[in-house]
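Asks: Below: one structure in structure tokens.
The values are calculated or read from the model by the stated rules, or taken from the named source; none is laboratory data. Fair warning: this is a prediction, and the values are worked out from it, not measured in the lab. Backbone-built Cβ (ideal geometry, glycine too); neighbour counts: all protein chains shown.
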Ligand SMILES: *Cc1c(COP(=O)(O)O)cnc(C)c1O
């Protein structure tokens, strides 16, 4: 029984569950999607909160420029390139066996500085917000100070009294660990079984304590939370519910708006943007989606992309049960090569916040993520980790599946496919060691 219903009852109510539990690739669209102008008003998260986060990151820019010299050229702002991937799109037509009309662009969070994944957005932000709060409370800074002061031994000594802890499948641990260590916090990362060895090694080399678990992400979070709660000086980064992480991700909205404009791409009601966001627990893609909705309203349609073995947001959102159900409840194993997406239970906070704004969810097999990884490398010389390819099939689902076509029809977009810009968010990969990237590539070849 799953929440007092048998699997057959669930299948009766939501026929797509049949294919989901058989691990088939599926696309679901959300019939609860409402008007952005009305739905955004109902939320506990606001544009002012995103603006506050943006201003905070601006205050920390001198710190970045001082502590991470690689960010100096961009004056301490961490932002990723946005590129058109026309060659890739052409190759994908062969891969999917379908014509792919419209423009395809990719946001390369894989190449965000310092930690090489989308987690650099939320993770850095939450650590720095906590550091700022402690420093303000203790009279060490004012809001008007030059924040390069955070890169001094005096500040590091102060922060060494305090601890930061987090549970992670890998990349969040990298970003929280690296930033916390730089600030001077004692930091412990609780890593799930999916986490790659090189990520643990890298963190340990920076003085981060890494605790490994034989279980999946949810267990690592639970244990991390427990240990942190026992230490009054410890701060727990709660990936499942964190509004701070969410805001760090949401800052991307105004930033990408400028990049899209600079590329000469128009987004309006006749030229909508479709965003495809790889989803684990939901914080990263959820925050990004919120940022995009604030900027583009009804002219952006966003989908969460998940592995066929970890469709937690899909099941949570479709059933409306959010974090009350896990993929394991439905007999799905949550075992995937897309380690950043290996999450069996979605964030209740994100699911509920976005339930009337998301366009839908779709799934992709590990095999196809590897194949697309190779095709992208060959056609554009861009190397991503498997998770970061999950959003790529979005363009094909929209243009060529029955579900996708029905969605376009609903929004009066049939015949206007040429006008659509398809944005695939490439969430990680530039830090993957060369030999491991070669393994990924070869898996895609064979
Ligand atoms: C974490 C991660 C995601 C998804 O972010 P969530 O906040 O877990 O949903 C996507 N891609 C990569 C590479 C990640 O590390």
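Asks: Within the set of pairs 6 or more residues apart or between chains, which connect a residue that is under 20 Å from residue 136 (Cα atoms) inside region 158-184 to a residue that is outside any loop (DSSP other than H, G, I, E, B) and within 10 Å of the ligand (Cβ to nearest atom) with Cβ atoms less than 8 Å apart?
Replies: 179/123
Asks: Still on this structure: Could you say which residue among 145, 153 is farther than 15 Å from residue 60 by Cβ and at pLDDT 95 or above?
Replies: One residue alone meets the criteria, 153.
Asks: Quickly run through region 231-280 and pick out the residues that are within 16 Å of the ligand (Cβ to nearest atom) and more than 29 Å from residue 178 (Cβ to Cβ).
Replies: none
Asks: Can you tell me which of (1) closer than 28 Å to residue 58 by Cα; (2) within 16 Å of the ligand (Cβ to nearest atom) is the one residue 221 doesn't meet?
Replies: Residue 221 satisfies every listed condition except (1).
Asks: Quick one: would you say residue 129 is within 20 Å of the chain's Cα centre (by Cα), away from the ligand (no atom under 14 Å from the Cβ) and in a helix (DSSP H, G or I)?
Replies: Working: within 20 Å of the chain's Cα centre (by Cα): yes; away from the ligand (no atom under 14 Å from the Cβ): yes; in a helix (DSSP H, G or I): yes.
When the stated conditions are applied, residue 129 passes them.
Asks: Oh, and also: How many residues are touching a residue at least 24 places away in the same chain (Cβ under 8 Å) and not in a helix (DSSP H, G or I) when one looks only at region 1-55?
Replies: Residues in region 1-55 being touching a residue at least 24 places away in the same chain (Cβ under 8 Å) and not in a helix (DSSP H, G or I): 18 in total.
Asks: Scanning region 293-310 for residues that are more than 20 Å from residue 272 (Cβ to Cβ), more than 12 Å from the chain's Cα centre (by Cα) and touching a residue at least 60 places away in the same chain (Cβ under 8 Å), which turns out nearest to the ligand (Cβ to nearest atom)? Walk me through how you get there before you give the answer.
Replies: Going residue by residue through region 293-310, those that are more than 20 Å from residue 272 (Cβ to Cβ) are 306-310.
Okay, now just the ones that are also more than 12 Å from the chain's Cα centre (by Cα), so 307-310.
Going one step further and asking which of them are touching a residue at least 60 places away in the same chain (Cβ under 8 Å), we end up with 307-309.
On the way: 307: 11, 308: 16, 309: 15 Å.
Applying the filter and picking the extreme gives 307.
Asks: Quick check on region 75-123: of everything there that is assigned to a helix (DSSP H, G or I) and under 26 Å from residue 242 (Cβ atoms), which residue is farthest from the ligand (Cβ to nearest atom)? Walk me through how you get there before you give the answer.
Replies: In the first step, residues of region 75-123 are kept if they are assigned to a helix (DSSP H, G or I); the result is 86-96, 109-111, 119-123.
Okay, now just the ones that are also under 26 Å from residue 242 (Cβ atoms), so 109-111, 119-123.
Values: 109: 8, 110: 8, 111: 12, 119: 6, 120: 10, 121: 10, 122: 7, 123: 9 Å.
That would be 111.
Asks: Just to be sure I understand the filter: pairs with C-beta atoms under 8 Å, separated by 6 or more residues or on different chains, first member in region 116-134 and within 18 Å of residue 55 (Cβ to Cβ), second member part of a loop (DSSP other than H, G, I, E, B) and away from the ligand (no atom under 16 Å from the Cβ). Which pairs pass?
Replies: Qualifying pairs under 8 Å: 127/185; 131/185; 132/141.
Yes/no matrix, rows are residues, columns are (1) in contact (Cβ under 8 Å) with a residue 12 or more places away in the chain; (2) surrounded by fewer than 21 Cβ atoms within 10 Å (Cβ to Cβ); (3) over 23 Å from residue 18 (Cβ atoms); (4) within 16 Å of the ligand (Cβ to nearest atom):
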{"position": "283", "(1), (2), (3), (4)": "yes, no, yes, yes"}
{"position": "291", "(1), (2), (3), (4)": "yes, no, yes, yes"}
{"position": "363", "(1), (2), (3), (4)": "yes, no, no, yes"}
{"position": "379", "(1), (2), (3), (4)": "yes, yes, yes, no"}
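Asks: Could you please give the count of residues in region 1-38 that are surrounded by 14 or more Cβ atoms within 10 Å (Cβ to Cβ) and within 19 Å of residue 407 (Cα to Cα)?
Replies: Count: 11.
Asks: Would a scan of region 67-79 turn up a residue that is touching a residue at least 24 places away in the same chain (Cβ under 8 Å), under 24 Å from residue 424 (Cα atoms) and under 22 Å from the mean Cα position of the chain (by Cα)?
Replies: Taking every residue of region 67-79 in turn, at least one turns out to be touching a residue at least 24 places away in the same chain (Cβ under 8 Å), under 24 Å from residue 424 (Cα atoms) and under 22 Å from the mean Cα position of the chain (by Cα).
Asks: Tell me which of these residue 304 doesn't satisfy, since it passes every other one: (1) out of contact with any helix residue (DSSP H, G or I) (no Cβ under 8 Å at 6 or more places or on another chain); (2) more than 23 Å from residue 418 (Cβ to Cβ).
Replies: Of the numbered conditions (1) out of contact with any helix residue (DSSP H, G or I) (no Cβ under 8 Å at 6 or more places or on another chain); (2) more than 23 Å from residue 418 (Cβ to Cβ), the odd one out for residue 304 is (1).
Asks: Would you mind finding the one in 358, 369, 313 that is modelled with pLDDT of 95 or more and away from the ligand (no atom under 12 Å from the Cβ)? Write out each step before concluding.
Replies: On the way: 369 fails: away from the ligand (no atom under 12 Å from the Cβ); 313 fails: away from the ligand (no atom under 12 Å from the Cβ).
Exactly one residue qualifies, and that residue is 358.
Asks: Would you confirm, using the coordinates I've provided, whether residue 332 is in a loop (DSSP other than H, G, I, E, B), touching a strand residue (DSSP E or B) at 6+ places or on another chain (Cβ under 7 Å) and touching a residue at least 12 places away in the same chain (Cβ under 8 Å)? Break it down into steps so the answer makes sense when it comes.
Replies: On the way: in a loop (DSSP other than H, G, I, E, B): yes; touching a strand residue (DSSP E or B) at 6+ places or on another chain (Cβ under 7 Å): no; touching a residue at least 12 places away in the same chain (Cβ under 8 Å): yes.
Answer is no for this residue.
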